[in-house]
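J.: To start, I am sharing the structure in question, which I have written as structure tokens.
The values are calculated or read from the model by the stated rules, or taken from the named source; none is laboratory data. It should be emphasised that the depicted structure is a prediction, and the values quoted were computed from it without experimental measurement. Please note: Cβ atoms are built from the backbone with ideal geometry, for glycine as well, and neighbour counts cover all protein chains shown.
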Amino acid sequence: GGIITQTPKFLIGQEGQKLTLKCQQNFNHDTMYWYRQDSGKGLRLIYYSITENDLQKGDLSEGYDASREKKSSFSLTVTSAQKNEMAVFLCASSILGTGQLYFGEGSKLTVL
Amino acid sequence: AQSVTQPDARVTVSEGASLQLRCKYSYSGTPYLFWYVQYPRQGLQLLLKYYSGDPVVQGVNGFEAEFSKSNSSFHLRKASVHWSDSAVYFCVLSFTNSAGNKLTFGIGTRVLVRP
């Protein structure tokens, strides 16, 4: 089996700050995703990547940047943190085309 | 447009009782459908999936789901719940369009199992 590791689990930042979340997977999956989870809204896709150095915008990409420098890692940057950004960010990976995702445990962002 | 509707935001059941969580989808093509579960302070885990064939699919921990093309539904069931089934359950639609493989999540149903 494999695992997805997200760091940090908890991230506290100031309004306007640039904040980065990291995700590592050892499944050797091609596709990786970043989702934002807000209570009562399900999961919304921020960015995904179908291979190393590929980036695709999701429905919620404004205010975020992403980076996929290696197949095993996918980073998400909040470019200027806002108080309404407090949410849980979930990283996932999948084999291309299957639709079945494997998730990390999440990173909870708090903006002061 | 594609969508997934989970009409019940919260469900409370007693331990040992049966559970049904409803899911309706909107998609004109052939859907791939999933149920994921999220336990407290954890990521989502796959419960079961439907690609084709037998409309009743078995999952982990005694869960099963039934696909109905005529009703555009994919309801999740368990005959007898345990307190450890308290979690949030997400119905997910997977489809492919010109932009590639896409996933649409329902908003989730929070299940509380009372002892």
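Per-residue answers, yes or no, for (1) more than 10 Å from the chain's Cα centre (by Cα); (2) part of a helix (DSSP H, G or I):
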{"position": "B:L48", "(1), (2)": "no, no"}
{"position": "B:G53", "(1), (2)": "yes, no"}
{"position": "B:N61", "(1), (2)": "yes, yes"}
{"position": "B:A65", "(1), (2)": "no, no"}
{"position": "B:V81", "(1), (2)": "yes, no"}
{"position": "B:L93", "(1), (2)": "no, no"}
{"position": "B:K102", "(1), (2)": "yes, no"}
{"position": "B:R110", "(1), (2)": "yes, no"}
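J.: Scan the range A:76-92 for residues that are away from every other protein chain (no Cβ under 11 Å) and surrounded by 19 or more Cβ atoms within 10 Å (Cβ to Cβ) and report the count.
T.: Total satisfying the criteria: 5.
This table checks each residue for (1) among the aromatic types (F, W, Y); (2) touching a helix residue (DSSP H, G or I) at 6+ places or on another chain (Cβ under 7 Å); (3) buried (at least 19 other Cβ atoms within 10 Å of the Cβ).
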site	(1), (2), (3)
B:T5	no, no, no
B:E15	no, yes, no
B:C23	no, no, yes
B:Q58	no, no, no
B:N71	no, no, no
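J.: Could you figure out which of (1) within 14 Å of chain A (Cβ to nearest Cβ); (2) free of Cβ contacts under 8 Å to residues at least 12 places away in the same chain isn't true of B:L48?
T.: With (1) within 14 Å of chain A (Cβ to nearest Cβ); (2) free of Cβ contacts under 8 Å to residues at least 12 places away in the same chain applied to B:L48, the lone miss is (2).
J.: Given the criterion in a loop (DSSP other than H, G, I, E, B), within 14 Å of chain B (Cβ to nearest Cβ), at negative phi and surrounded by 12 or more Cβ atoms within 10 Å (Cβ to Cβ), identify the matching residue among A:L60, A:L21.
T.: A:L60 is the lone residue from the list that is in a loop (DSSP other than H, G, I, E, B), within 14 Å of chain B (Cβ to nearest Cβ), at negative phi and surrounded by 12 or more Cβ atoms within 10 Å (Cβ to Cβ).
J.: Under the condition of being modelled with pLDDT under 90 and among the small types (G, A, S), which residue from the range A:95-107 is nearest to A:S39 (Cα to Cα)?
T.: Selected residue: A:G99.
J.: Oh, and also: Select from the range B:1-21 the residues that are without any contact (Cβ under 8 Å) to a residue 60 or more places away in the chain and not in a strand (DSSP E or B) and write down the one among them that is farthest from B:S73 (Cα to Cα).
T.: B:A1
J.: Which one is farthest from the chain's Cα centre (by Cα) among residues in the range A:19-46 that are among the aromatic types (F, W, Y) and farther than 19 Å from A:N84 by Cβ?
T.: Ranking the candidates gives A:F27 first.
For every residue, the table says whether it meets (1) among the aliphatic types (A, V, I, L, M); (2) within 9 Å of chain A (Cβ to nearest Cβ).
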site: B:Y32; (1), (2): no, yes
site: B:R41; (1), (2): no, yes
site: B:L44; (1), (2): yes, yes
site: B:G53; (1), (2): no, no
site: B:E64; (1), (2): no, no
site: B:H75; (1), (2): no, no
site: B:Y89; (1), (2): no, no
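J.: Looking at (1) within 28 Å of A:Y33 (Cβ to Cβ); (2) modelled with pLDDT of 90 or more, which one does B:L103 not meet, given that it meets all the others?
T.: Condition not satisfied by B:L103: (2).
J.: Just the residues that are hydrophobic (A, V, I, L, M, F, W, C) and over 17 Å from B:R110 (Cα atoms), please, taken from the range B:34-64.
T.: Correct list: B:L48, B:V56, B:V57, B:V60.
J.: Please determine, by comparing only the residues of the range A:38-53 that are farther than 16 Å from B:Q6 by Cα and within 11 Å of another protein chain (Cβ to nearest Cβ), which one is modelled with the lowest pLDDT.
T.: A:I50
J.: Something else now. All but one of (1) over 27 Å from B:W35 (Cα atoms); (2) buried (at least 19 other Cβ atoms within 10 Å of the Cβ); (3) in contact (Cβ under 8 Å) with a residue 60 or more places away in the chain hold for A:R68; state the number of the condition that does not hold.
T.: (3)
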